[in-house]
Amino acid sequence: MDRWGKWILLSHKDLDTSERWFAKYGAPTVLIGRVLPVVRSVISVPAGIAEMKRGPFVALTAIGSAAWVALLSALGYAAGKNWHRVEKDFHAAQTPTIAVIVVLIIVAVVLRVRSMRRYNAS
């Protein structure tokens with residue numbers, strides 16, 4: 001962890017917290033995590049660290065991913081009839097949304113780097 005932790009901004013405390021969370025909530029975390037943007041991409045990491053059994057992990061991943069795809073399909077179907085209006089609205093919101101996301105990412109990384117420096121200094 002010490003070797004790679006500084007690059008992925010994780011500390012031993014983070015891993016301990018992840019293990020405790022998974023010990024307490026385990027399987028439902030994978031199911032719910034697969035339906036949440038961003039979380040769905042990284043939920044495998046704490047599941048792997050907690051050494052979750054492969055069978056339940058695959059089953060919950062399939063269920064959660066199917067729910068996510070069904071949601072996106074339903075939204076796409078609903079938008080299909082009004083696609084020109086939806087496209088116009090999304091285009092108008094695109095630049096401000098990207099700007100907010102970039103600022104939030106920068107703030108999050110700066111705060112996390114500061115936190116890691118304090119953690120490593122103690």
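Coordinate-derived values only; no laboratory data. Predicted model, so just to flag it, every value in this text is computed and none were measured. Note: ideal-geometry Cβ built from the backbone for every residue, glycine included; neighbour counts use all protein chains shown.
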Taking a crude spin-label model, label points 7 Å out from Cα along the C-beta direction, the ALA67 to SER122 distance in nm is 3.5
By the DSSP-based rule, helices of the chain that are at least 20 Å long along the axis (C-alpha) and have a mean Kyte score of at least 0.0 are 54-80, 83-121
Using Rg/Rh (Cα atoms, Kirkwood Rh) as the read-out, say which of (1) 1.17; (2) 1.08; (3) 0.97 was calculated from these coordinates.
-> (2)
Region 95-122 versus region 38-59: alpha-carbon centroid distance in Å = 25
Compute the FRET efficiency between VAL102 and ARG54 as 1/(1 + (r/R0)^6), taking r as their Cβ-Cβ distance and R0 = 41 Å, and round to the nearest 0.05.
-> 0.65
